[in-house]
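Asker: Would you mind keeping the following structure in view while I ask a few things?
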Amino acid sequence: MRRHARIAGVGMYLPKREVSNEELGRLLEYDVPTYLQDKRIGRRFIAEPEESTSDMAVQAAREALRAAGLAPQELDLIILATDTPDYVTPPTSAIIQHKLGAINAGTFDVNAACADETIALISAAHFITFDPAIHHVLVVGAYGMTKWIDWSPYAHSATKVLATLFSDGAGAVVLSASDQPGFLAGKIKTEGAFWDTYGIYIGTARPLDLSLVQQKKHYLRFHENGHRVPPDFNAVRWPQILTETAHSGGCKPQDINLLLTNQVEYQAVLATLQALGLPETRTHWVADKFGYAGSASAFMALWDAETEGRVKSGDIVAFCTSGAGFVLATALFRWI
């Protein structure tokens, strides 16, 4: 009998400190409420100085494990999705394993910017499907991008635009083995020509030194001479990759009951739904409540949708996320 992977539990964590659009606008001396009106980002949550990505991940993981009825020791694998790790190395997933007490779990990190939570889901489903020793996998999307933002009112105007978007937090999903098909299909696409759009440009290609810090070039920023992503990038590509994924999963895009995307550009979501012939009720938006927490955002939307009773047995749930690089990923699950 073929093994399948199903979503067994979902969890979420938000830091305690909340910053409204109005408060951030005063800090940055920038009209944040007007800029974010169409994006429907209503607020953001900021991790404390001593609160790390792994700390937030563990909180969300504990909730997901409770929902799945599992103890940490029952996990076989932990996959962390983030581009804001605790350290460059060692992997933050190992720290999560230790803090969680998941002594039997192997671990690894996935970094594909804001597409990585979906890629981690695909990876987890493949492990369960093809490795009979893997029964329960914890996938955590965690985000601490506010620690990589220049909050100064003297920041470059382009940096101020980036600073308005991001929130911290974590979302977690437990996948478990099943005799019924939960995971249906997944797809990853990359347009690497856009690698130099925006990011945190320090590393082996540009080692961190005092000069970079003094120029504040160690923060999240637009590349000096890089490409600019077309404003309709997601609106054009999301319908295409979702259609391909649906066909791979043996269904039609119109069969999607719930579409969960990056929580950063609501107009792109509406355009995607329209292109697929789906009503606005087929998505779930949480950036007005939770902010945009990058690698955690689609998991947060799933948690909130489940909490509100938006998901029922038999529903097809589609994850569609994209991030700097530029990377796109989709995953299709039947809710069991």
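The values are calculated or read from the model by the stated rules, or taken from the named source; none is laboratory data. Predicted model, so just to flag it, every value in this text is computed and none were measured. For neighbour counting, all protein chains shown are included, and Cβ atoms are generated from backbone atoms with ideal geometry for every residue, glycine included.
Matching residues to (1) over 20 Å from F183 (Cα atoms); (2) of a type in the set (D, E); (3) without any contact (Cβ under 8 Å) to a residue 24 or more places away in the chain:
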| residue | (1), (2), (3) |
| --- | --- |
| C251 | no, no, no |
| E280 | yes, yes, yes |
| V286 | yes, no, yes |
| A301 | no, no, no |
| D315 | no, yes, no |
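Asker: Checking the condition within 24 Å of A81 (Cβ to Cβ) and in contact with a Lys or Arg (Cβ under 9 Å, 6 or more places away or on another chain), which residue from T190, T204, T197 passes? Give the steps one after another, and end with the answer.
Answerer: Working: T190 fails: in contact with a Lys or Arg (Cβ under 9 Å, 6 or more places away or on another chain); T204 fails: in contact with a Lys or Arg (Cβ under 9 Å, 6 or more places away or on another chain).
So the residue among T190, T204, T197 that is within 24 Å of A81 (Cβ to Cβ) and in contact with a Lys or Arg (Cβ under 9 Å, 6 or more places away or on another chain) is T197.
Asker: What's the number of the only condition in (1) farther than 21 Å from Y143 by Cα; (2) surrounded by fewer than 17 Cβ atoms within 10 Å (Cβ to Cβ) that A8 fails to meet?
Answerer: Condition (2) is where A8 drops out.
Asker: Let me ask you something else. Give all pairs with beta carbons closer than 6 Å in which a residue from region 91-119 that is in the same structural domain as A133 (by TED's automatic domain parsing) and on the phi > 0 side of the Ramachandran plot meets a residue that is hydrophobic (A, V, I, L, M, F, W, C) and in a loop (DSSP other than H, G, I, E, B); count only pairs at least 6 apart in sequence or on separate chains.
Answerer: As it stands, the answer is A113/A324, since those pairs meet every condition given.
Asker: Considering region 78-112 alone, what residues qualify as being of a type in the set (S, T, N, Q), under 30 Å from Y198 (Cα atoms) and in a loop (DSSP other than H, G, I, E, B)?
Answerer: T82, T84, T89, N111
Asker: Also: So which residues in region 254-267 are out of contact with any Gly (no Cβ under 7 Å at 6 or more places or on another chain) and surrounded by fewer than 22 Cβ atoms within 10 Å (Cβ to Cβ), if there are any at all?
Answerer: Within region 254-267, D255, N257, Y266, Q267 qualify.
Asker: Next question. For the structure I just gave you, tell me whether I79 is crowded, with 24+ Cβ neighbours inside 10 Å and in contact with a Phe, Trp or Tyr (Cβ under 7 Å, 6 or more places away or on another chain).
Answerer: Yes; evaluated as a whole, the condition is true for this residue.
Asker: What is the number of the single condition among (1) surrounded by 15 or more Cβ atoms within 10 Å (Cβ to Cβ); (2) under 29 Å from G42 (Cα atoms); (3) not small (G, A, S) that Q274 does not meet?
Answerer: (1)
Asker: Still on this model: Could you say which residue among L121, L165, L138 is buried (at least 24 other Cβ atoms within 10 Å of the Cβ) and closer than 24 Å to V88 by Cβ?
Answerer: Exactly one of L121, L165, L138 is buried (at least 24 other Cβ atoms within 10 Å of the Cβ) and closer than 24 Å to V88 by Cβ, namely L138.
Asker: So which residues in region 12-31 are in contact with a strand residue (DSSP E or B) (Cβ under 9 Å, 6 or more places away or on another chain) and in contact (Cβ under 8 Å) with a residue 60 or more places away in the chain, if there are any at all?
Answerer: M12, Y13, L14, P15, N21, L24, L27
Asker: Which residue pairs have Cβ atoms under 7 Å apart, sit 6 or more places apart or on different chains, and have a first residue in region 41-70 that is within 13 Å of G11 (Cβ to Cβ) and a second that is part of a helix (DSSP H, G or I) and modelled with pLDDT of 95 or more?
Answerer: Sorted first by the residue in region 41-70, then by its partner, the pairs are A57/I96; V58/I96; V58/K99; V58/L100; A61/I96; A61/L100; L65/P72.
Asker: Do we have H227 as farther than 30 Å from G277 by Cα and touching an Asp or Glu at 6+ places or on another chain (Cβ under 7 Å) here?
Answerer: Considered against the rule, which asks whether it is farther than 30 Å from G277 by Cα and touching an Asp or Glu at 6+ places or on another chain (Cβ under 7 Å), H227 comes out as yes.
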